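Have a look at the structure below before the remarks.
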Amino acid sequence: MALSISIAAAQIPSLRTVPVPQPTGLDRYVRDNAALTALGKALFWDVQVGSDGQTACATCHFHAGADHRVRNMIANPHSVAQTAVPNRALTLADFPFRKLVNPNDNRSAVERDTRMVMGSAGVIQRKFMDIVAGNGFDDGSEEPGLTAFAIGGVKARQVTARNTPSVINSVFWVVNFWDGRASSVFTGGTPFGPADSEWRAAVLRDGKLEREAVRMDNASLASQAVGPALNDVEMSYSGRSWPKLARKMFAVAPLAHQRVSPADSVLGEFANAEGNGLAPERSYEALVRAAFRPEYWESGELDADGYSQRELNFPLFFGLAVQAYESALISADSPFDRFQEGDASALTAQERDGIRVFQGGSECHECHQGPEFTAASFTNVRGRGGRETATPATLGFFRTGVSPVAEDLGGGGKDEFGNALFPRAAGNNARGVFKSPALRNVELTGPYFHDGSQATLEQVVAFYGRGGDFPGDGNLGPGMNRINMNANDRLAIVALMKALTGESVKFERAPFDHPSLCVPVGHAESAPGVLMVDDSSSATRFSAVDRWALVPAVGREGNSAPLQTFEELLSGIGSDGSRAHAMTESCEPPPASRP
Ligand code: HEC
Ligand code: HEC
């Protein structure tokens, strides 16, 4: 493989030296970047985007850009061996999901293998009926015909089929998602780029409303952002459309049920001094008008279905705004960066040794190189194009034997239109490949791997030491079968990975400050494993009652306590207030339906 050059430690520059990729042709649509970022931050954190009026992007991305919950997070509760009641809090003892008698030998006897996949809880499955004017929740019906994600016959929040990665530093990816399906080319309506040739923006030219195709490069985050809002596991009741979501959002106050700190680095100046959300004059409509050129929203004409121009263009606004916000979430202030910038005392001797081992026999650098610590970033991919033209390995996608190929094809899968994700991959060579994740802030973002099967960095390193769990079927990328680390090397690599945690991320200082968020943390039980039914309305009568935890609002100065790591969450460390996001304080969410 072309990637096997050993770069000397001094040559891994600080992330601050890496230019931030810019989407092409943004000026065609955008007139004010600050307003665009504010709109994006509001949309990302606003629970009203979800059909239940309770689910934001941030619901799964609130903790160092990733998720930090341990109840009802199992994607395949029914295939799970009795060991894991899906709604109970996972503990350290549940990990790794595949446990070997000798963890250093992948042919050793299997002590247990639950085949669990840990994802993130989204919405309860319901059929979308309509929006409810002025409300954050949609009307959803509990059609008996729907295949429910249910525990003991009671509908629980559905769980995504993969582990949630962090949105921090995601602007450096050429393509997003574990399988790369969020195209680097944004075409306005779906994540799939050129494979989706349908969507057209409505633009006013010479007094006439015309339709035009959208095509922007370096815009994988915009492609990604238009996926979850209509996805019927993550945020939406089945069958909702963009213009309906637009109409809802234009009629509600931004972040109406959430606190915004007056010291918020982006939204602070718009915050409502009196109560929740933004000041009344900062409606979504006002933010759209401020951010985008008038020819994309000023027409009063309605289309055949009765939708206005600004409603029709909502996915374009949504994608570009969220992308702008996420592009600002760059974490480059770790001890490692300070060391590379010349502060010799920023790393301990062991952490420095970690740099050496990382680039030596451990083979980690084969797939996690450069200042982003991944082969899948712009720095490494340089000009090879996107998924449509490149092969998986040149884009930084590899096999590491985390799960059997047939259980998750990764980059070997198809998009919603039936096209191969990597059309240029010869034979089967995209089957079982996953995007090589960046390792920054990884200390805070457990569990690890696309299936969330490992809880600690020590477990991840042991996984590599044994050459992966499922090496069969050619399931191993470059370097994987010659990894060589002694006990000290392993400790040094773990220490190095922990020195990649950004200070601002750790304390949620700007740009990582945010509004408050009430997140569902599993369901209430009447007896162990028996979910209580929500009989508060006819729309919820087959659904489980949620439990809630508060993620408090924070301003640009950040928290005084560091974020809790996943390992600490599993073992209860920090619930005394010594860690932020210990998930112990309850909260009252907005209603999910009419009473
Ligand atoms: C229910 C949980 C959930 C919600 C809600 C959610 N996400 Fe995610 N997000 C995920 C999961 C799971 C993945 C990985 C999916 C995959 O790769 O197949 C992901 C992946 C991503 C990625 C790609 C990161 C990478 O490394 O490839 C970005 C960016 C992202 N989400 C942003 C968003 C935005 C923006 C929204 C709202 C519009 C959102 N997410 C809503 C769970 C969620
Ligand atoms: C062949 C390429 C390759 C090599 C070599 C490699 N990795 Fe990885 N790494 C990956 C890929 C691909 C994933 C995602 C795998 C998955 O989830 O299926 C990953 C995932 C990870 C994760 C989990 C990150 C997360 O957010 O879930 C960590 C930590 C990690 N690698 C560290 C290391 C270390 C340390 C080494 C050296 C001992 C190493 N890797 C060697 C490609 C590689």
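Table for the structure above
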read-out	value
Of all residues in region 168-189 being buried (at least 24 other Cβ atoms within 10 Å of the Cβ) and of a type in the set (Val, Ile, Thr), the one that is farthest from ligand 2 (Cβ to nearest atom)	187
Some residue of region 454-461 being more than 14 Å from ligand 1 (Cβ to nearest atom), more than 22 Å from the chain's Cα centre (by Cα), at negative phi and without any contact (Cβ under 8 Å) to a residue 60 or more places away in the chain	yes
Answer from 272, 276 - the residue that is more than 16 Å from ligand 2 (Cβ to nearest atom), open to solvent by less than 50 Å² (accessible area, probe 1.4 Å) and among the polar types (S, T, N, Q)	272
Count - residues of region 325-348 that are of a type in the set (Gly, Ala, Ser) and either open to solvent by less than 50 Å² (accessible area, probe 1.4 Å) or closer than 26 Å to residue 225 by Cα (or both)	6
Close pairs from region 370-397: first under 16 Å from residue 479 (Cα atoms), partner away from ligand 2 (no atom under 16 Å from the Cβ) and in a loop (DSSP other than H, G, I, E, B), Cβ under 7 Å, at least 6 apart	394/384
Scope region 393-420; condition open to solvent by less than 30 Å² (accessible area, probe 1.4 Å), part of a strand (DSSP E or B) and among the small types (Gly, Ala, Ser); matching residues	410
Sole exception among (1) among the charged types (D, E, K, R); (2) in contact with a helix residue (DSSP H, G or I) (Cβ under 6 Å, 6 or more places away or on another chain); (3) more than 20 Å from residue 441 (Cα to Cα) for residue 372, by number	(3)
Residue within region 142-153 that is open to solvent by 60 Å² or more (accessible area, probe 1.4 Å), more than 16 Å from ligand 2 (Cβ to nearest atom), within 22 Å of residue 234 (Cα to Cα) and among the hydroxyl-bearing types (Ser, Thr, Tyr) present	yes
Selection from region 86-104 of residues that are open to solvent by less than 50 Å² (accessible area, probe 1.4 Å), part of a loop (DSSP other than H, G, I, E, B) and closer than 28 Å to residue 467 by Cβ	90, 95, 96, 97
Extreme residue, most open to solvent (accessible area, probe 1.4 Å), among residues of region 364-392 that are modelled with pLDDT under 95 and on the phi > 0 side of the Ramachandran plot	382
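The values are calculated or read from the model by the stated rules, or taken from the named source; none is laboratory data. Keep in mind that this is a model prediction, so the values were computed, not measured. A quick note on method: Cβ atoms are made from the backbone with ideal geometry, for glycine too, and the neighbour counts reach across all protein chains shown. Side chains are part of the model used for accessible areas, which takes the heavy atoms of the whole protein and leaves out ligands, DNA and RNA. Shrake-Rupley method; radii C 1.70, N 1.55, O 1.52, S 1.80 Å.
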